[in-house]
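Every read-out reported here was derived from the displayed coordinates using simple, explicitly stated rules and does not represent laboratory data. Remember, it's a predicted structure, so these values are computed and weren't measured experimentally. Neighbour counts run over all protein chains shown; Cβ positions are idealised from the backbone, glycine included.
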Amino acid sequence: MPTTAARPTTPPAAQTLLHLDASARRSSFSREVGDAVAGAWRSSHPDGTYLHRDLALTPVPQIGEAWTELCDYVLEHQITDIARYPEAVRTPAQADAWAVVEPLLGELVAADVVLIAAPMYNFSVPASLKAWIDQVTFPKMSLAGRRFVVAYARGGAYGPGTPRQPYDHQERYLRDFFPGHFAVPEEDMTFLGTELVNSLVDPALAARREAHDASRTAALAAARTVGASL
Ligand SMILES: Cc1cc2nc3c(=O)[nH]c(=O)nc-3n(C[C@H](O)[C@H](O)[C@H](O)COP(=O)(O)O)c2cc1C
């Protein structure tokens, strides 16, 4: 009886996870959910490369005029290949601007999975995260093929049907931005997070603590599942 030879299998290429934190707090709910995703991912990808950048602890500068000159050059010359962006550097000030962008963009382009832990600040994302987005975003730049996970936290409740839903410029902004600018399909984005965090400190929201606990428990369970499945 002939035996069937086992097919040679190609091991999956090692993956890279870029994990961004943006909470000003060390003990933070967005960090907690993001860490749960990252922990599960690292357990299931022992050969993977894990890159972590804490945008609150080590902020990236806001873009300046020289950055806008790089951006305009890329647009004017219709440069869509990121490897060609250095062609835009023509002055010492632009070289300084590019020296800030290059490592940030290098990490982003190297990533198979981009995990963003984002608190809600004033209905939106923290300035530290927005500064990073501004630095790494160039015209007509595609990040298709990468998966994005957003681990959010917020003081109130902004889910579908809540009175505050129209004020959500945190999750909504990120849901719009990555598909809208970077051509990331919606199915390659996952959002999970903890709501009603302010119930822990605001006496007026004390009655919502159980709802907060439930939201946190569900987010952490989802984070472990998502992290292991990426
Ligand atoms: C500067 C600042 C602004 C905030 N603005 C809002 C807000 O507009 N809406 C809201 O629901 N919660 C707001 N919060 C509460 C935070 O979203 C909440 O504490 C959340 O847990 C922060 O994420 P973190 O735990 O990861 O730090 C704000 C908190 C801070 C510190």
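Ranked highest first by the average count of other Cβ atoms within 10 Å around their residues, in what order do 90-100, 37-47, 149-159, 117-127 fall?
On the way: 90-100: 14.4, 37-47: 16.6, 149-159: 22.7, 117-127: 21.1.
Top of the packing list down: 149-159, 117-127, 37-47, 90-100.
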Fill in: Relative contact order %, the chain, counting alpha carbon pairs below 8 Å whose residues are six or more apart
26
Worksheet, complete the sentence: Protection proxy (average C-beta count within 10 Å per residue), highest first, orders 130-137, 72-79, 210-217 as 130-137, 210-217, 72-79
Worksheet item: Roughly how many whole Å is it from the C-alpha centroid of the stretch 119-141 to that of the stretch 202-227?
Response: 25
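Charges at C-beta only: +1 for Lys and Arg, -1 for Asp and Glu. How large is the resulting dipole of the stretch 1-150 about its Cα centre, in Debye rounded to 20?
580
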Worksheet item: Taking each full run of DSSP H in the chain as one helix, which ones are at least 20 Å long along their axis (Cα atoms) and have mean Kyte-Doolittle hydropathy of at least -1.0?
Response: 29-44, 92-110, 209-229
Worksheet item: What Kirkwood radius, in Å to one decimal, follows from the Cα pairs of the stretch 1-154?
Response: 17.4
